[in-house]
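These notes are about the structure you will find just below.
Bear in mind that the values in this text are calculations on the coordinates, not laboratory data. Keep in mind it's a predicted model, so treat the numbers as computed, not measured. Virtual Cβ from ideal backbone geometry, glycine too; neighbours counted across all protein chains shown.
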Ligand SMILES: [Zn+2]
Ligand SMILES: [Zn+2]
């Protein structure tokens with residue numbers, strides 16, 4: 001999980017608090033908190049702020065490889081998506097191949113600590 005504020009990968013599942021969190025969990029959105037900047041956010045497989053960009057549906061990776069459409073073998077409506085010319089991507093860590101109409105943006109977890117960021 002990448003923090004939408006500081007892009008640290010040092011995030012952990014936050015406890016639910018209150019009715020809004022309860023409703024969001026019902027929608028598949030789970031509360032998270034970032035260790036680095038203490039930012040609280042909601043996420044499905046990726047943070048909501050990043051969910052409009054292409055990402056791996058299995059692990060939420062944004063560091064994707066653009067592949068030929070013919071290489072996507074399974075998934076819902078593969079043939080329709082291939083025919084319609086949807087962009088195809090491959091996730092290297094989990095070897096998931098999928099189509100996504102979302103714009104591609106390579107979001108990588110930042111290794112910069114909060115202290116370094118404040119100093120600059
Ligand atoms: Zn953060
Ligand atoms: Zn993946």
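Calculate the spin-label point distance for residue 67 paired with residue 15, positioning each point 7 Å from the Cα along the beta-carbon direction, and give it in nanometres.
About 4.2 nm, to one decimal.
Using a Gaussian network model of the chain whose springs link C-alpha atoms within less than 10 Å, name the residue from 15, 35, 55 with the highest mean-square fluctuation.
Its mean-square fluctuation being the largest, the pick is 15.
Can you list the residues of region 46-78 with backbone N under 20 Å from a point 7 Å past the Cα of residue 110, pointing along Cα to Cβ?
46-54, 61-64
Any number yet on Rg/Rh for region 27-88, C-alpha, Kirkwood?
The Rg/Rh ratio comes out at 1.09.
If you wrap a convex hull around the C-alpha atoms of the chain and split its volume per residue, what is the figure in Å³?
That works out to 116 Å³ per residue.
Which one of 57, 103, 31 has the biggest mean-square fluctuation once the chain is modelled by GNM with Cα springs under 10 Å?
The residue that fluctuates most here is 103.
Quick one: Kirkwood hydrodynamic radius for region 54-105, alpha-carbon pairs, angstrom, one decimal?
10.8 Å
Starting from the coordinates of the alpha-carbon atoms of region 1-51, obtain the Kirkwood hydrodynamic radius over all distinct pairs and give the value in Å to one decimal.
10.7 Å
Which ordering of 41, 22 is given by a fewest-first count of other beta-carbon atoms within 10 Å?
Ordered by Cβ neighbours within 10 Å, fewest first: 22, 41.
How high is the relative contact order of the chain, in percent, with contacts defined as C-alpha pairs under 8 Å that are six or more residues apart?
Relative contact order, the chain: 25 percent.
Would you calculate a helix-derived [θ] at 222 nm for the chain, using -39,500 (n - 2.57) for each DSSP H run of n ≥ 4 and dividing by the full residue count, to the nearest 500?
-4500 deg cm²/dmol
Choose one answer from 80, 68, 88: the residue with the largest mean-square fluctuation in a GNM of the chain with alpha-carbon springs under 10 Å.
Greatest mean-square fluctuation among the candidates belongs to 80.
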